[in-house]
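Here's the structure, in structure tokens; my notes come after.
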């Protein structure tokens, strides 16, 4: 069976039943877990289905996919607050450290505000890489993989394999929502990468503006973080939220 025929089979099942799992695809098409996930990602990138944990769902009107803002859209939101957060976070970076910087517009502001060059930076974000590539850092590493154009992030099995063998003094990540001590993001694939980077870091640092609080999203990437850099406009958060923090 040709690859396109296999993709058509997956789509037919999803559109008929509404869902499909990675295990079902492996058994039906006699392919590996990695190949099944890659096929699902290809179809998701073409907006033909929605990736969910362990499989995929039929694309419906009003689905989660329509709610994910693009990198360009996010660049115009909470600009002043993101800049202030980025400046503060820059003071946490020390000479000769190896740090991870994840995808997200707040982290792009952070990349612009890094106060020193004598560091090694690892990132799976193309926008972050482009910003830092204009600098003379000691070392700048872009982790490749499947490219998500909507956020500019590389994700998937290859990305995870590369990060799995690395250790960081600090990992800087962002998110789409913070609620009940849980940190969540829209994309399972992006969340898995950030989750692994956090696990491999001595210090885990979240950069988030006030608009992310009391909101939730699809994939939980962490329950607790060592450092939470979030509010320079603390009055925008309720007393209940501040107690949680």
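No lab work stands behind these numbers, since they all come straight from the coordinates. Keep in mind that this is a model prediction, so the values were computed, not measured. All Cβ positions, even for glycine, are placed from backbone atoms using ideal geometry, and neighbour counts span all protein chains on display.
With each label modelled as a point 7 angstrom along the Cα→C-beta vector, the residue 3-residue 45 pair spans 1.0 nm. Our summary gives the range 105-204 a relative contact order of 22 percent, counting only alpha carbon pairs under 8 angstrom and 6 or more residues apart.
Suppose R0 equals 51 Å. What FRET efficiency, 1/(1 + (r/R0)^6) with r the Cβ-Cβ distance, do residue 32 and residue 79 give to the nearest 0.05? Don't skip to the answer; put the middle values down first.
Details: r = 44 Å, r/R0 = 0.86.
That gives a FRET efficiency of 0.70.
Taking 11 Å as the cut-off, no amide N atom of the range 28-52 comes nearer than this to a point 7 Å along the Cα-to-beta-carbon line of residue 199. Need one word for the range 2-59: rounded, prolate or oblate. Basis is the Cα gyration tensor (sqrt eigenvalues a ≥ b ≥ c); a/c below 1.5 gives rounded, then a/b vs b/c decides. Judged from the Cα gyration tensor, the range 2-59 comes out rounded (a/c under 1.5). Note down the nm distance, to one decimal, between modelled labels 7 Å out along Cα→Cβ at residue 112 and at residue 211. About 1.6 nm separates the two model spin labels.
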